[in-house]
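These notes are about the structure you will find just below.
Every number here is computed from the coordinates shown, using simple stated rules; none is lab data. Note that the coordinates shown come from a computational prediction; the quantities given were computed from them, not determined experimentally. Cβ coordinates were reconstructed from backbone atoms using ideal geometry, including for glycine residues, and neighbour counts include every protein chain displayed.
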Amino acid sequence: KSKSQIHPPSPPSLPFIGHLHLLLPIPYRALHSLSLIHGPIMLLKLGQIPTLILSSSSSIRSMIKSNDIAFSSRPNLKVPRQLVYDSKSISFTPYGPYWRQSRKLCVLHLLSTKRVHSFRPNRHSELSIMLSHISNHSLSGPHQSQRNHLLLHHQHPLQKSPSAAPSLKKANAVCSMTLFVRPPNSSALSMLKITSLLSNEIKDDDNADLVDILLSLQRDPLPGEFSPTMDEVKAIILNMFAAGTTTSYIFLEWAMSELIRNPKVMKKLKEEAKLVSEKSSMVAEENVNKMSYLKAVVKEVLRLHPPAPLLVPRETIEDTELQGYKIPKKTRVIINAWAIGRDPKFWDAPEEFIPERFVNNELDFRGQDFEFIPFGIGRRICPGMQFAVATIEFALANLVHQFDWDMPNGLSAEDLNMDEAQGLIMHRKHPLVLVAKKNGLML
Ligand code: HEM
């Protein structure tokens, strides 16, 4: 038999559940171990669903170079179908005109370079709120007598006070704000309230934001233009919140965890922040771009702890082929970005946290380097990458610059538990608890 007629290798399976039991407890780790036995292109049956698992940069290269479109749809998953308005969010909607148009709108009005740049004042004010919150709870802050521990976690203002919603005039501001907090369980509800509150504020000028545009297209469809239904408007906005918040706070938790465990890296980063801040207490966003070591740290955190380690599941649109294997239409596809980021064929000492590997190195996560794909790859690559990077770099630079960080209760950094929670998203198993001490600069 030629390879194009055969399916990729597959481990023995059980009746009904197929290979589902092999995914426990941590799916990306379990899939990685299986790929070491069966190869970087594997076929599993998850329940009754044939699922292709890709675990190497060369399999991703073949996928993108030979037939990107064939691998660019999303499966019709039950949870998004029920929670996100019949899968009308960009992340879960199948490949097609609705996906293309809704994604294009979000990029144009929220996620483009120009838009991301325009949110600088929002990022500045929201980061200031977060920093003063930490400061108020730090060892040398107003609550000096109370030895408060910082959990990189504070409640979403919308969750604390429903009455806060009317003052949040702009969804754009809301998006940038929520990136600094753990998203509440009720974010979906809050968002819907905001959407309806905003419906009287539609404008048709350059300042119109994503919500304005979506609502005006929904109310007054233009001939030949995309016109979303109200459910689609809600799904798109909710998607911006869901995709943008969890990922960014997960990143910050892992980044601080690695920095506390690697004091030399922390020291070097602090020195860089001090240098670019020119004695100011805050690293201004325009100076963040001068911080090449910070950028290396961010990349190294994303390599070892990609917030979405298996990206978002794909589905093939048509019968296709991958490195000679036959891949039928409607095969589910899971890409193990976590495994690819620690493949010893490409990375030296892959388990170690060494930001220096990215210094003077062009390797980037923008979709050209198949060895490093924390934001995904191809047509479905994360459109919020610039938005996210602007936020997390700015936040991390200032967390490091404004405070000295320590383990609580005299524990040493070696005691820090780095276990991951069970599940598909790469949360820490135990929330990070650190003690913040105001840096001398601030006193
Ligand atoms: C550190 C932060 C972030 C990480 C690591 C991340 C990662 C990802 C990944 C891995 C995917 C799937 C890509 C694929 O299937 O190839 C994705 C998709 C997506 N992300 Fe992000 N993301 C982040 C922040 C954001 C932000 C801030 C937004 C918007 C405000 C956003 C919006 C989206 C959307 C809409 C999709 C679906 C794209 C599609 O299916 O066409 N993400 N992201």
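Amide H to amide H under 5 Å from L311: which residues, 5+ apart in sequence or cross-chain, H placed 1.01 Å off N in plane?
Those lying under 5 Å, H to H, from L311 are A337.
Stretch K330-L24 to full length: gain in nm at 0.36 nm per residue minus the Cα-Cα span?
Values: separation 306, 0.36 × 306 = 110.16 nm, distance 2.44 nm.
This chain segment gains 107.7 nm when fully extended.
Efficiency by 1/(1 + (r/R0)^6): what FRET value for I129 and T229, r their Cβ-Cβ distance, R0 = 35 Å, to the nearest 0.05?
On the way: r = 35 Å, r/R0 = 1.00.
The formula returns an efficiency of 0.50 here.
If r is the Cβ-Cβ distance from I49 to I381 and R0 is 30 Å, what FRET efficiency results, to the nearest 0.05? Before the final figure, lay out the partial values.
On the way: r = 24 Å, r/R0 = 0.80.
Rounded to the nearest 0.05, the efficiency is 0.80.
Students often check this: by mean Cβ neighbours within 10 Å, which of 118-130, 359-371 ranks highest, and how do the rest follow?
118-130, 359-371
What FRET efficiency comes out for the pair E414/I17, r = Cβ-Cβ distance, R0 = 41 Å, nearest 0.05?
0.55
Sequence-distant or interchain residues sharing an amide H contact under 5 Å with T320, placed H: which?
The answer is I327, K329.
Give me the distance in nm between label points sitting 7 Å out from Cα along the Cα-to-Cβ direction at A284 and K114, one decimal.
2.4 nm
Can you give me the distance in nm between label points at L363 and I6, each placed 7 Å from the Cα along the Cα-to-Cβ direction?
3.2 nm
What's the Kirkwood radius of region 340-443 in Å, using all Cα pairs?
Its Kirkwood hydrodynamic radius stands at 17.0 Å.
Using amide H atoms built in the peptide plane, which far-off residues or other-chain residues are under 5 Å from A421 H to H?
Excluding prolines and chain starts, which carry no amide H, the hits are H427, R428, K429.
Could you sort out which of K270/K290; K268/K429; K268/K299; K267/K290 sit more than 20 Å apart by Cα distance in this structure?
Details: K270/K290 13 Å; K268/K429 28 Å; K268/K299 16 Å; K267/K290 17 Å.
Too far apart for the 20 Å limit: K268/K429.
Stretch E356-R61 to full length: gain in nm at 0.36 nm per residue minus the Cα-Cα span?
Contour length minus the Cα-Cα distance gives 103.6 nm.
Among 394-404, 417-427, how do they line up by average Cβ neighbours within 10 Å per residue, starting with the highest?
Descending packing order for the listed peptides: 394-404, 417-427.
7 Å from Cα along Cα→Cβ at both I425 and K78: what's the point-to-point distance in nm?
2.0 nm
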